[in-house]
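These notes concern the structure reproduced below.
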Amino acid sequence: MSSEFDYFDDPRFGKLFDLVLQLSTELHVTRQRLLAVEALLVRRDVLGAGDVDGFEPSHDEQQLLGAERDALLARLMRILTEDGPAEHPLRDQWEAALNGKSG
């Protein structure tokens, strides 16, 4: 890790901070989009206010939601396990993905 980006004198804290920032960004964007979609659907009488809160997924929908959750956790865990300089985070994982290998 470059000293330019070493704010905590311990790269583990830097990675944890990166993880928190990634989670915060992911959550903010998702919440904003979800609120917009819900508002549009209610506005167009496709859903009633509060219908999303009572949603019960089918088996196939549960599978999809589980896969999405697992993919998000994998992306977040890469932050903690990545190697290489801070200027090029996930370089090895990116190159492996480009070459069709899991990183």
Hydrodynamic radius by Kirkwood for segment 23-84, inverse mean 1/r across distinct Cα pairs, in Å, is 14.0
Within the under-14-Å Cβ sphere about R44, not counting R44, Lys/Arg +1 and Asp/Glu -1 give a net charge of -2
Segment 7-55: spread of alpha-carbon positions along the three principal axes, whole Å, largest first, is 54, 18, 8
Expressed in nanometres to one decimal, the distance between label points 7 Å along Cα→Cβ at D45 and V20 is 4.8
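Just so you know, all these numbers are worked out from the coordinates, no wet-lab data involved. Computed from a prediction, not measured in an experiment: that's the story for all the values here. Quick reminder, even Gly has a Cβ in these numbers, built from the backbone with ideal geometry, and neighbours come from all protein chains shown.
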